[in-house]
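Visitor: Quick one: structure below, then a few questions.
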Amino acid sequence: MKNILVITASIFGQDGQSSRLVDQTLDQLRQTYGDIQTSYRDLSAEPVPHLDAERFGAFLTSADDRDGSQQGVVDYSDLLISEVVDADVIVMGVPMYNFGVPSVLKAYFDHIARAGITFRYTANGPVGLLEDRPVYILAARGGLYAGTPNDSQTPFIRSFLGFIGLKDVHFVYAEGLNMGDNQKENSLQEAGRAIETLTA
């Protein structure tokens, strides 16, 4: 049985287009793998706190010197990391807000990037410490951005995930969703075909 970690970040919850693409991907994964076990992390419903000096300081403080509050911060980060470590496949719904990823997703990334745990620095540069596994990114955008300089999401997500060791990353784009009904329908159909191809 495959363990699937599902991460969503739409402010519209399960009604968001990126969340619906996630559901399509899970349906396809069930056809591919049979029984799957899913763990959900809805960053819009349960936002990860944004990184501040106090939380970052907890990461830097040695285990013996942490107070209760600092240990709570580290335990929370450890939980998020363990969800990734335990997953065979990661499925992530990513809407585009103001040319970037949702701020809650950036906050999540800030809590799973931990020196000595998910990455380490070497004389030759940083090395990701997580074992690689497939990551499917379902990207929903109101306009047309893929392959243009305005697509800040794709290089950022690919760079971050690679930084912690996740390099088997696959993007599915549904674009132009606010550019008329025909464009929206065609884009969602194309995304659905891409999902079938990627996960077959």
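Visitor: Under 5 Å between amide H atoms, partner at least 5 residues away or on a different chain: which partners does Lys2 have, H built in plane at 1.01 Å?
Guide: Gln37
Visitor: Can you tell me the orientation of helix 17-33 relative to the chain, as the angle in degrees between its alpha-carbon axis and the longest Cα principal axis, to the nearest 10?
Guide: Tilt relative to the chain: about 90 degrees.
Visitor: Mind grabbing the base-10 log of I(q)/I(0) for the chain at q = 0.07, 0.14, 0.18 Å⁻¹? Debye formula, identical points on the C-alpha positions, no solvent, two decimal places.
Guide: Cα-only, vacuum Debye calculation for the chain: -0.22, -0.84, -1.29.
Visitor: Name the aspartates and glutamates eligible as straight-distance cross-link partners of Lys184: C-alpha to C-alpha under 19 Å, and not fewer than 8 places from it in the same chain.
Guide: Asp15, Asp23, Asp151, Glu175, Glu196
Visitor: On to the next question. With a 1.4 Å probe and all protein chains in place, put Met92, Met179, Met1 in order of accessible area, largest first. Please list the in-between numbers first.
Guide: Details: Met92 5, Met179 105, Met1 150 Å².
Ranking Met92, Met179, Met1 by accessible area, largest first, yields Met1, Met179, Met92.
Visitor: State in Å² the accessible area per residue of the chain; use a 1.4 Å probe, count heavy atoms of protein chains only, and round to the nearest integer. Please report the intermediate quantities before stating the final value.
Guide: Details: 10060 Å² over 200 residues.
That works out to 50 Å² per residue.
Visitor: Using a ≥ b ≥ c from the Cα gyration tensor of region 1-93 (square roots of the eigenvalues), is it rounded, prolate or oblate, where a/c under 1.5 gives rounded and otherwise the larger of a/b and b/c decides, a/b for prolate? Intermediate results must be reported in sequence, preceding the final value.
Guide: Working: a/c = 4.25, a/b = 1.88, b/c = 2.26.
It comes out oblate by the Cα gyration axes.
Visitor: Roll a 1.4 angstrom probe over the protein heavy atoms and tell me the percent of accessible area of the chain that is carbon or sulfur.
Guide: 49
Visitor: Something else: By how many degrees, between 0 and 90 and to the nearest 10, does the Cα long axis of helix 181-199 differ from the longest principal axis of the chain?
Guide: With rounding to tens, the tilt is 60 degrees.
The values are calculated or read from the model by the stated rules, or taken from the named source; none is laboratory data. What you see is a predicted model; the values in this text were computed from it and never measured. Just the protein is used for accessible areas: all its heavy atoms, side chains included, with ligands, DNA and RNA removed. Shrake-Rupley method; radii C 1.70, N 1.55, O 1.52, S 1.80 Å.
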